[in-house]
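Below is one structure, written out as structure tokens; the observations come after it.
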Amino acid sequence: MKLIWKILSNAISFVLFAIMVCLAFVVISAKASGGEPTVMGYQFKTVLSGSMEPTFLTGSIIAIEPTKDGSKYKKGDIITFKEKDNKLITHRIIGVKNANGQVSYETKGDNNNGPDLQPVLAENVVGKYADITVPYVGYLLNYANSKAGAALLLIIPGVLLLGYSVVNIFGAIRSVDSEKKNKSSDVEHSV
């Protein structure tokens, strides 16, 4: 029974520590990158509207592969591009135009009735959708970007880990005390 408890205790400690490290990574990388963390060369963007449903749902996280050459994409690709005021949009390419060496794209959200009003210039393309979507995690990432969210996501796992450690310490003290009492009563009975 003690062995099972020890294994279970170690597993719980490991899980709490892993959660704390993962949440710290999300919070720190989100803050360092201005809200969009980069992992293994992919940038992760939060889907804020339903314009691309059902391809990806509002609140999802999508991975994009950043580009240095925005003129290499073709019809059907899903790209992320800068619009006015550096607002990022992710839509599907429905047409490619090449006028005098200047590439531009006609884009449309899968859930929109018509194409976007303005063509997208190749130099405004940030990257291409990398076929990686994690539903609903965008809500957590947006919350992590707030001051309250960052503090909460770092503090709660730490407090849980600390509280669990305190419980383990008191359990170990009780175990040592009971062993001492058993030894002292064994000594009294043997005399």
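All of the numbers you see were taken from the coordinates with simple rules; none came from a lab. Computed from a predicted structure; not experimentally measured. Positions of Cβ are backbone-derived with ideal geometry, glycine not excepted, and every protein chain shown enters the neighbour counts.
Stretched out fully, how many nm does the piece from L48 to S13 gain, at 0.36 nm a residue minus the Cα gap?
9.1 nm
At 0.36 nm per residue, minus the direct Cα-Cα distance, what do A148 and N168 gain on full extension? Give it in nm, one decimal, please. Could you put the intermediate results ahead of the total?
Details: separation 20, 0.36 × 20 = 7.20 nm, distance 2.97 nm.
This chain segment gains 4.2 nm when fully extended.
Under a 5 Å amide H to amide H cut-off, with H placed in plane at 1.01 Å, what residues pair with G127 once short-range neighbours are removed?
Those qualifying (amide H under 5 Å, at least 5 residues apart or on another chain) are T67, T80.
So if we plug the beta-carbon distance of K74 and V134 into 1/(1 + (r/R0)^6) with R0 = 25 Å, what FRET efficiency do we get, rounded to 0.05? Before the final figure, lay out the partial values.
Working: r = 26 Å, r/R0 = 1.03.
It comes to 0.45.
Mind scanning K97/K147; K6/K147; K6/K45; K74/K147; K6/K181 and naming the pairs with a C-alpha gap bigger than 32 Å?
Result: K97/K147; K6/K147; K6/K45; K74/K147 exceed 32 Å.
In nm, what is the difference between 0.36 nm times the number of residues separating D177 and N113 and their Cα-Cα distance? Mind showing how you got there, number by number?
Details: separation 64, 0.36 × 64 = 23.04 nm, distance 7.35 nm.
Here the answer is 15.7 nm.
For the peptides 170-178, 97-105, what is the packing order when you average, over each peptide's residues, the other Cβ atoms within 10 Å and list the highest mean first?
97-105, 170-178
For D77, which sequence-distant residues (separation of 5 or more, or a different chain) have an amide H within less than 5 Å of its own amide H, given hydrogens modelled in the peptide plane?
I93
Along region 76-90, what does the Karplus equation 6.51 cos²θ - 1.76 cosθ + 1.60 (θ = phi - 60°) give for ³J(HN,Hα), rounded to whole Hz, x for Gly and Pro?
Values, residue by residue: x, 5, 9, 10, 10, 9, 8, 10, 3, 6, 6, 6, 8, 10, 10 Hz.
Using only the Cα atoms of region 2-175, build the gyration tensor, take square roots of its eigenvalues as a ≥ b ≥ c, and label the shape rounded, prolate or oblate: rounded if a/c is under 1.5, else prolate if a/b is larger than b/c, else oblate.
Verdict is prolate for region 2-175.
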